[in-house]
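Heads up: the structure comes next, in structure tokens.
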Amino acid sequence: MPLARSLSVTSLSGLEDWDEEFDLEDAVLLKLRGRSLTKASLSVWLVLALGGIYTVIQTKARLTAEEWGENYFLVGPYVESNVRTQVELIEPTNPVLKRTIDKMNASGCKVLPHLHRKHNTAAEINLYVTLKDKVYFGRWLIEGSPYVVLIDVAFSAWSLDTWKSELWELCDIGVPWFDREANDAVLFGFLTAWLLGEYAAQSEEPPHIVAHFHEWLAGLGLILCRHRQLPVATIFTTHATLLGRYLCAGNVDFYNKLADFNVDKEAGDRQIYHRYCLERSAAHCAHVFTTVSQITAVEAEYLLMRKPDIITPNGLNVKKFSAVHEFQNLHAQSKHRIQEFVRGHFYGHLDFNLDKCLFLFIAGRYEFSNKGADIFLEALARLNYLLRVNHSDVTVIAFFIMPARTNNFNVETLKGQAVRKQLWDTAQTVKERFGKKLYESLLVGQLPDVQKIIDKEDFTIMKRAIFATQRQCQPPVCTHNMLEDSSDPILNCVRRIGLFNSAADRVKIIFHPEFLSSTSPLLPMDYEEFVRGCHLGVFPSYYEPWGYTPAECTVMGIPSISTNLSGFGCFMEEHIADPSAYGIYILDRRYQGVDESCNQLTSFLFQFCKQSRRQRIIQRNRTERLSELLDWKYLGRYYISARHMALAKAFPDTYMYEPTEPTSVSHVIYEFKTSGFSYPRPASVPPSPALSRHSSPHHSEVEDNDEEERYDEDVEAEKDRKNIRQPYALPHTSSATIGSFCGSAAARKG
């Protein structure tokens, strides 16, 4: 199915300069997010950096705070344990918001029975008033320090039945009692609608509020705002449709049958009809409906029955990752730490050259098919065959970083790291003894006698260390003890393809079923550090609305493999003439079958293995130069356009928005390519692996340097900068004006 484009702004080039300033003095922006409201996962918003939506809100906060200043507020659920470490509670600086919070907290008093300390009889119960706050205000301690309004959802649980009845009367949506996440969404929705309504009531003049709701869990607040006709311009963003995730998890032919699904029946069969109704209602009630990629826009049009008004791609705070010209050195340092782990993991079977070893990885939620782990494993098996029949001296180690249910570290894995450390200590001891004897020999003016310098005791110590490295079993595939080993998809697939880390295999597999942490006794590295140390990220996803993992690889200068079914892959294909030349390999999973896609992925991996070290360095330099394309400095303008569109629709007498309507799809593509970010082919292409030759003499087994292949990174980078078409720079904005960059023409009337 060809991808149709929205007629509004769906590419960087669709955003033109404004002729007039856009006054924001009377406008207030609130971001509302209710994802993962259950007590067990509340920390996803404020503490744990898991999931794409957390990354979107956290990394974009600084840019939005600079744009809106004191009028920008994030709204979310309150969890005391997380607030202590992530939020600085302060008094509201906005007088209207202060009155709003005070009024809500004053209305939240409730009377409870309290037993007198001296008497424990029900007849002597005294009543007292609890003055616990419902709403809190503070600064979120991240870059940009945005204001946050935190609502205590649990404190209003006594109103759940009343609000669920009201929801049924208004929308005919019934929420079952056993769905705790949906129940919390009801509480959060009514409380946010109360907050917005109270803010409007406390304002001396009619306010202009922009409320941006993320995902279905926050969507009920939007529905209530429209029903109560509050003066709020609403935006609803779905980062992935709820039904789409469930359908793809069921291994259906999702994209080919997208137009044929009976969405009501499918949602009902999966017992999520009430959730689906909330999401669909929010999408239809919003003044502006957005999603994160063109592929998700097609999905939303069929499943939610509304075409998104604008595509808002996800960006990153590139400054956080920028290491100027040091990123190659950081790669070498992080690679060395991964090599140390590999030395311990494969002790006794370290029969390959680590200097000719490539580290590949896949990371994310444990969705075996959606994330493409199935096709990746099959491609690794085929790659192993190609490397063996071609007698390649390259060894590939593929890491699977996907959290699963475990009970502890694998004893054999921990033993490997202990043996490695013991060998290192032994080597250091012998080295010190050798160095002391060498020093004494040189002091008396004699050349050392090697047989005397290394005595029998030293040989005994070294032999004992060698015997300690003997191993009777193969290196483990999994680093942890799995609770469901027999039914685990990755382990079952490994058993089927027969990649058990044997000496004959050129492809090794390490399954790490836990997110990385610098405090881990096994692989003490943060995720960012681990990514920098790898050579290639592989993300052959079948269902990936955006894809932050390949984006993070790009800004850190690490090549990656994505697909044309992921938002990131489609975005890169649109803005780069030859993505593979920049280290962005796009796998076709939309227009060819699984076997053809697997063969294409195997070809990508095999060609990457044939590259010399120098060619990989050139490719990493090019990949890192794409980071500006993913910076919020540029992608943030999509959100700016969405907010202005919402203001113009909600307050047509005050604001005006006139987007340029393209006449055809071809016109849209042409306009995007000519006036937006456009990356042509590089000025020079890395030499083909088949044509690469060692220099004479070949002075190092570690580094392949070809003197005849001239390459100057600074010269090539300068050529690329001249060829790359960049969008207009986003001007600095104050709290009173939003800058002169959005839509086509949006201005304040009068």
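The values are calculated or read from the model by the stated rules, or taken from the named source; none is laboratory data. Please read all numbers here as calculations on a predicted model, not as lab measurements. Because the Cβ atoms are built from the backbone with ideal geometry, glycine has one as well, and the counts that use them run over all protein chains shown.
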Checking the conditions here, which among Asn390, Asn384, Asn410 is in contact with a Ser or Thr (Cβ under 8 Å, 6 or more places away or on another chain) and either modelled with pLDDT of 95 or more or not aromatic (Phe, Trp, Tyr) (or both)?
Asn410
If Arg280 satisfies all but one of (1) modelled with pLDDT under 95; (2) farther than 19 Å from Trp546 by Cα; (3) surrounded by 23 or more Cβ atoms within 10 Å (Cβ to Cβ), what's the number of the condition it fails?
(1)
Exclusive hit being under 19 Å from Ala398 (Cα atoms), hydrophobic (A, V, I, L, M, F, W, C) and out of contact with any Cys (no Cβ under 8 Å at 6 or more places or on another chain), set Phe467, Phe515, Phe459:
Phe515
Output the qualifying pairs, or none if there are none: Cβ atoms under 8 angstrom, residues six or more apart or on different chains, first residue in the range 443-463 and assigned to a loop (DSSP other than H, G, I, E, B), second residue charged (D, E, K, R).
Pro448/Lys437
Being more than 23 Å from Ala106 (Cα to Cα), modelled with pLDDT under 95 and surrounded by 16 or more Cβ atoms within 10 Å (Cβ to Cβ) is the filter here, so list the residues in the range 144-172 that pass it.
Gly144, Pro146, Cys171
Looking only at helices (runs of 4 or more DSSP H) that lie completely in the range 248-360, which have at least 3 residues being more than 29 Å from Leu565 (Cα to Cα)?
327-345
For the range 602-651, which residues satisfy the criterion of being in a helix (DSSP H, G or I) and polar (S, T, N, Q)?
Thr602, Ser603, Gln607, Gln615, Gln619, Asn621, Thr623, Ser627, Ser641
Go through the range 478-501 and count every residue that is touching a residue at least 40 places away in the same chain (Cβ under 8 Å) and exposed (fewer than 12 other Cβ atoms within 10 Å of the Cβ).
2
Subset tally (residues that are more than 24 Å from Glu204 (Cβ to Cβ) and either part of a loop (DSSP other than H, G, I, E, B) or touching a residue at least 40 places away in the same chain (Cβ under 8 Å) (or both)) for the range 54-84
20
Report the residue count in the range 227-251 for those that are over 25 Å from the mean Cα position of the chain (by Cα) and either without any contact (Cβ under 8 Å) to a residue 60 or more places away in the chain or assigned by TED's automatic domain parsing to the domain that holds Lys371 (or both).
4
